[in-house]
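Each value in this text was obtained by applying a stated rule to the coordinates, not by laboratory testing. Source: prediction; values computed, not measured. Heads up, the Cβs are rebuilt from the backbone with ideal geometry, glycines too, and the neighbour counts pull from every protein chain shown.
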Amino acid sequence: MKYAGFLSRAIAATVDGLVLLPFGFLFLWVVSFKGAALLLAVPLAAVGPAYQIWLHARSGQTLGKRFAGIRVLRLDGERISWREALSRSSVDAGFCVAETVVTLLALYQLSDAQLSVSWFERSELFMQHGPVWGKYVSYASAAWGASELVSLLFNAKRRALHDFIAGTIVVHESLEATSREQPFLGSARAPSVSVKS
């Protein structure tokens with residue numbers, strides 16, 4: 001098998017980031033209005049984890065991975081299930097929940113007038129009015145991201161920490177497998193995947 005390394009996974013992550021970017025901008029806009037933010041912050045924050053989990057469970061590929069020609073599989077080379085997809089995103093989803101709670105707790109203490117400032121000033125307000133443990137969530141999230149990168153770079157199968165948690169690998173697809181593939185968002189049953197050796 002040809003395991004996907006840093007470059008192909010970085011390309012996939014960049015494409016996925018671009019796909020999710022409008023939701024990020026919408027989130028930033030929504031949190032400038034207290035009423036809308038308290039109503040919409042949770043659904044908007046859930047978009048990223050839901051995107052990863054649903055598409056990985058359906059086909060082993062997000063749009064970014066499809067663009068990069070890589071796919072998530074189980075260690076035995078079989079397609080992943082909802083269990084692996086959920087396990088793979090569990091830590092990121094946990095950080096997403098914690099960061100959303102921090103934002104909501106800060107919003108609860110701020111007035112609409114206080115929120116009508118620049119994004120940078122609003123971020124400062126969230127840090128000041130959020131719970132004390134909020135900054136530790138940020139530190140832990142950054143440490144997790146760095147650990148993922150170190151893990152990916154220093155093992156033979158190029159597995160990130162979330163791959164170890166879920167029992168998965170990320171591999172390059174062969175041209176033959178790509179040409180036989182069923183529609184991406186169609187049937188939940190993914191085709192058998194041949195990988196380059």
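For the reader, a short list of remarks on this structure follows.
- Lysine pair count for the chain with Cα-Cα distance under 19 Å and sequence separation of 8 or more or different chains is 6.
- The order of D112, D76, D92, going from fewest to most other C-beta atoms within 10 Å of their C-beta, is D76, D112, D92.
- Legend: translational diffusion of the chain by Stokes-Einstein, Rh = Kirkwood radius over C-alpha pairs, 10 °C, 1.306 mPa s; D = 87 µm²/s.
- When the chain is described by a simple charge dipole with +1 on each Lys and Arg Cβ and -1 on each Asp and Glu Cβ, the residue from L110, A4, W144 located farthest towards its positive end is A4.
- In sequence order, calculated HN-Hα J values of region 147-153 (Karplus, 6.51, -1.76, 1.60; Hz; x Gly/Pro): 5, 4, 5, 4, 4, 4, 7
- Note that region 91-98 has calculated 3J(HN,Hα) couplings of 5, 4, 5, x, 5, 4, 4, 4 Hz, one per residue in order, obtained from phi through the Karplus relation 6.51 cos²θ - 1.76 cosθ + 1.60 (θ = phi - 60°); glycine and proline are x.
- Coarse-grained scattering of region 99-173 at q = 0.14, 0.15, 0.25 Å⁻¹, given as base-10 log I(q)/I(0) from a Debye sum over alpha-carbon atoms: -0.62, -0.66, -1.06
- Taking label positions 7 Å along the Cα-Cβ direction at both E99 and A13, the computed distance is 1.3 nm, reported to one decimal.
- Full-stretch length increase - H129, F154 - with 0.36 nm per residue and alpha-carbon distance subtracted: 5.0 nm
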